1. Quick check on the chain: what are the equivalent-ellipsoid semi-axes from the Cα gyration tensor, as sqrt(5λ), descending, whole Å?
2. Given a 1.4 Å probe and heavy atoms of the protein chains only, how would you sort 92, 58, largest accessible area at the top?
3. Straight-line reach only, C-alpha to C-alpha below 29 angstrom: list the lysines that residue 41 could link to, leaving out same-chain residues fewer than 8 apart.
4. Would you mind working out the magnitude of the charge dipole of the chain relative to its Cα centre, with +1 at each Lys and Arg C-beta and -1 at each Asp and Glu C-beta, to the nearest 20 Debye?
5. Which value, in Å² rounded to 10, gives the accessible area of residue 112 with a 1.4 Å probe and all protein chains present?
6. From the backbone phi of the stretch 12-17, what are the Karplus-calculated ³J(HN,Hα) couplings (6.51 cos²θ - 1.76 cosθ + 1.60, θ = phi - 60°) in whole Hz, Gly and Pro given as x?
Amino acid sequence: QLAESGGGTAQAGDSLRLSCTATGHSLSGYVVAWFRQGPGKEREFVSAANWSGRATRYADSVKGRFTISRDDAKNSLYLVMNGLKPEDTAVYYCAANIDYGIGTVPDAYAHWGQGTQVTVSS
């Protein structure tokens, strides 16, 4: 199971750090990712990291503002979000799958967290 934490309410320009911890299985060898789903929108890719964390991908909308990282010793992944904008408001989900390559669509991931709300006000 995956469990997110760290969401909340922020002002535009603020920073938040999301965490996701796996229980019951190791994230070692898994690609890990963050997706988000805004009100009335489909779930969209935010960022992902391969099994080593050395290869990462970002959505254009967050590139340069968000940073993904992983700590396999803690069985966790993180998303540091800087320069938050109101359009970043969404439920953020962590996801994981055996590393066959970094996927950017939800169907590429078999394991999901329940989500954590991030609300950014202007």
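The values are calculated or read from the model by the stated rules, or taken from the named source; none is laboratory data. Please read these numbers as outputs of a predicted model, since none were measured by experiment. Heads up, the Cβs are rebuilt from the backbone with ideal geometry, glycines too, and the neighbour counts pull from every protein chain shown. Accessible surface areas use protein heavy atoms only, side chains included; no ligands, DNA or RNA. Shrake-Rupley method; radii C 1.70, N 1.55, O 1.52, S 1.80 Å.
1. Numbers: eigenvalues 99, 38, 36 Å².
Computed over the chain, the values are 22, 14, 13 Å.
2. 58, 92
3. Of all the lysines, those that pass the test against residue 41 - Cα under 29 Å, at least 8 places apart if same chain - are 63, 85.
4. Numbers: 11 positive and 11 negative charges, 38 e Å.
Dipole about the Cα centre, nearest 20: 180 debye.
5. The accessible area of residue 112 comes to roughly 70 Å².
6. 4, x, 6, 10, 9, 10
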